[in-house]
1. Using 17 Å as the cut-off for backbone N distance, which residues of the stretch 1-27 belong to the label zone defined by a point 7 Å from the Cα of ASN55 along Cα→Cβ?
2. Kindly put LEU138, LEU130, LEU57 in sequence by how many other C-beta atoms sit within 10 Å of each C-beta, fewest to most.
3. Estimate the FRET efficiency between VAL104 and ASP210 by the formula 1/(1 + (r/R0)^6), using the beta-carbon distance for r and 41 Å for R0, to the nearest 0.05.
Amino acid sequence: MKPYEMLKESIEFANNQLNSFIATKDLNDITTIVITALYRKIIELSEGVKVSAANGLAGPAEINYRGLIEASLAFEYILQNSAKVDDRAKAYKIGYHKQQISAVNQENLSEQAREFINRGLNYHQQELELEELQEVLLEFDELQSRDSRGFIPKWYSLDGGPKSINKLALRLAERRGESENLNLVSELYGLLSTGAHIYMALNSVIKVGDDISIKQVRANFNSNLDEYNFVGTRGLLTSAINKFTKTKHPEFTHEKNAFFTKIRPHLKY
């Protein structure tokens, strides 16, 4: 089984698990909602890598992979400490609603558009008023008030957390005892981040001597090679499968173990 096929089967397994979980569980608490939504995002971004690669789109595949790394870091950080999982999930939710409100308030909208947008805005404001969020919201607002520009803090920076996604990656690697890989983790994310910037369009220019040309939009796709981070994507996805099963869906342990047993002989690829 080659990297592309392994990723494809991992996505199918994760999708089946997610559908089973949603069909049989109540999503009526903040922690469950946040963790499940992040798990879904990890699956979606993994699918984005697969679909982009299958169509020879290297740029979109890389951007999806970058997003996957960020979602996986958030997922791992929330689940890292059982004593703090609820507060971290609440901080993530607060950060989401605050960002949505800020995005609307910064737009120069017509009165008619503003009236329409306000319906969604009211939802986000009401969510921030939920009683179970108030203690964490107080700390969130306090942290925001310390910023001279009033910027919304990173949700993971609460309770003495890291101030950037790179530092979050480093902290998680350090906690896992991967000190030798600390710089690699940060550099990998930083390198992938450059692909998200619009000026990177110029990396499609090919120059041989005095001859200049532009790469084709779609490249050739070879499922036998890992040209699109299939191995890394599958690794992050299967790690999420394992964590989600352990923390939220232990009833799926048998299916998870059977799937891992199936793919284990192929992990050398």
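1. Once the point is set 7 Å along Cα→Cβ of ASN55, nothing inside the stretch 1-27 turns out to lie under 17 Å by backbone N.
2. Values: LEU138 10, LEU130 14, LEU57 19.
Lowest to highest Cβ neighbour count: LEU138, LEU130, LEU57.
3. Values: r = 51 Å, r/R0 = 1.24.
The value I calculate is 0.20.
Values quoted throughout were computed directly from the atomic coordinates according to the rules given, and no laboratory measurement underlies them. What you see is a predicted model; the values in this text were computed from it and never measured. All Cβ positions, even for glycine, are placed from backbone atoms using ideal geometry, and neighbour counts span all protein chains on display.
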